[in-house]
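Here is the structure we will look at.
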Amino acid sequence: MFRDRQLRTTRWTADLRRSVTLFQAFRKEQTEPAVFYQALATDSADQLAHYVDLDGLTMLDVGGGPGYFRNAFQDRGSRYFSLDADVGELSGLGEIASGTVIGSGMQLPFADGSVDLCYSSNVLEHVSDPWRMAEEMVRVTKPGGITFISYTVWYGPWGGHETAPWHFLGGSRARRRYRRKHGHEPKNKYGESLFPVTVKAGLDWAQRQTDAEVLDVLPRYNPRFAYWLTRVPVVRELATWNLVIVLQRR
Ligand SMILES: C[S@@+](CC[C@H](N)C(=O)[O-])C[C@H]1O[C@@H](n2cnc3c(N)ncnc32)[C@H](O)[C@@H]1O
């Protein structure tokens with residue numbers, strides 16, 4: 001079925017207005033998370049629809065969290081399944097929805113080639129072996145299907161998450177500073193639930209792929225005119241908030 005689907009089915013505009021809108025929503029992430037995550041979920045579904053017709057496909061959202069993305073993808077007709085390692089995260093919006101699996105992205109409990117679209121947003125930097133998770137995502141994607149991986153870049157402005165910008169001085173130091181200042185650990189603990197993942201590591205992994213063709217590597221939130229930054233070593237690490245890697249399974 002997937003082979004018949006046309007890639008780039010819709011136009012998708014990564015203009016400056018979109019980047020500004022997402023940034024404004026991000027500023028409410030702590031106080032009104034629903035505003036940010038709904039905006040991000042809608043934007044993600046729009047972006048995915050650029051690669052594949054979402055209507056009727058089976059998708060797996062690895063590290064889907066509380067479920068903001070579920071509605072956005074179901075609204076477009078996808079059969080949405082989610083996997084997450086943390087029951088607390090999954091129940092963040094109340095009851096855990098059906099079609100949810102508890103497990104690890106680094107060892108997906110699914111057969112090879114079982115989904116049309118394997119998607120992950122902001123999860124790779126939270127697992128101890130990110131590229132193993134990426135391999136697993138490619139493995140469970142059907143031939144012709146799409147794997148979409150998006151992660152927060154360590155040397156980007158939000159690399160340290162709530163410990164930013166102190167992560168620029170080292171993740172352990174940033175974690176200690178946060179603990180001293182707030183009297184408790186950050187939610188994302190460097191070395192335990194937050195790991196440094198770079199743009200270069202993503203590009204190297206993409207280049208090594210033999211089971212999938214790399215369709216795009218791009219900075220998720222940047223406007224299109226700034227995509228060239230991904231090609232400039234050092235600058236790309238600092239200017240990329242989040243890197244997207246899109247692959248088509250062979
Ligand atoms: C920052 S949240 C991202 C949630 C959602 N995907 C988004 O973009 O808003 C990271 C999620 O990854 C999940 N996670 C962490 N380690 C994981 C693992 N090994 N396998 C699957 N999910 C994991 C967390 O429980 C959490 O829900």
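Nothing in this text is a laboratory measurement; each read-out follows from the coordinates by a stated rule. What you are looking at is a predicted structure, and each value in this text was computed from that prediction instead of being measured. Here Cβ is always computed from backbone atoms with ideal geometry, including for glycine, and neighbour counts include all displayed protein chains.
Once phi is turned into ³J(HN,Hα) by the Karplus curve 6.51 cos²θ - 1.76 cosθ + 1.60 with θ = phi - 60°, what whole-Hz value does each residue of the range 216-232 show in order, with x for glycine and proline?
After applying 6.51 cos²θ - 1.76 cosθ + 1.60, I find 7, 10, 8, x, 4, 9, 6, x, 4, 5, 9, 4, 4, 4, 4, 8, 9 Hz.
Most fluctuating residue of ASN222, ASN122, ASN188 in a GNM of the chain with Cα springs under 10 Å: which is it?
Maximum among the listed residues: ASN188.
Top mean-square fluctuation among THR58, THR13, THR141, Gaussian network model of the chain, C-alpha springs under 10 Å?
THR13
What is the angle, in °, between the Cα long axis of helix 130-140 and the longest principal axis of the Cα atoms in the chain? Nearest 10 is fine, range 0 to 90.
Relative to the chain, helix 130-140 is tipped by roughly 10 degrees.
Pairwise over distinct Cα atoms, reciprocal of the mean inverse distance: report the Kirkwood radius of the chain in Å, one decimal place.
18.4 Å
If you put +1 on each Lys and Arg Cβ and -1 on each Asp and Glu Cβ, how big is the dipole of the chain around its Cα centre, in Debye rounded to 20?
Working: 31 positive and 28 negative charges, 184 e Å.
So the magnitude is around 880 debye.
Enumerate the amide H contacts of ALA212 below 5 Å, restricted to partners 5 or more residues apart or on another chain; note that Pro and chain-start residues carry no placed amide H.
It is ARG250, by chain and number.
Run lengths n ≥ 4 of DSSP H only: what is the helix-derived mean residue ellipticity at 222 nm for the chain, with -39500 (n - 2.57) per run over all residues, to the nearest 500? Intermediate values should be presented prior to the final figure.
Working: 8 runs with 77 residues, N = 250.
Rounded to the nearest 500, the figure is -9000 deg cm²/dmol.
Starting with the fewest neighbours, write out PHE225, PHE168 ranked by other beta-carbon atoms found within 10 Å of each beta-carbon.
On the way: PHE225 10, PHE168 15.
The most exposed by this proxy come first: PHE225, PHE168.
If you average the C-alpha positions of the range 95-155 and of the range 183-208 separately, how far apart do those two centres end up, in angstrom?
15 Å
Gaussian network model of the chain, Cα springs within a sub-10 Å range: biggest mean-square fluctuation belongs to which of VAL235, VAL123, VAL101?
Of VAL235, VAL123, VAL101, the most mobile in the Gaussian network model is VAL235.
In a solvent-free Debye calculation with one equal scatterer on each Cα, what is log10 I(q)/I(0) for the range 153-196 at q = 0.32 Å⁻¹, listed in the order of the q values?
-1.21
Enumerate the calculated ³J(HN,Hα) couplings along the range 146-155 in order (Karplus 6.51 cos²θ - 1.76 cosθ + 1.60, θ = phi - 60°), each rounded to whole Hz, writing x wherever the residue is Gly or Pro.
My calculation for the range 146-155 gives 10, 10, 10, 10, 9, 9, 7, 7, 4, 8 Hz in order.
Please rank SER172, SER121, SER44, fewest neighbouring Cβ atoms within 10 Å first, as an exposure proxy. Mind showing how you got there, number by number?
Numbers: SER172 11, SER121 24, SER44 21.
Exposure proxy ranking, most exposed first: SER172, SER44, SER121.
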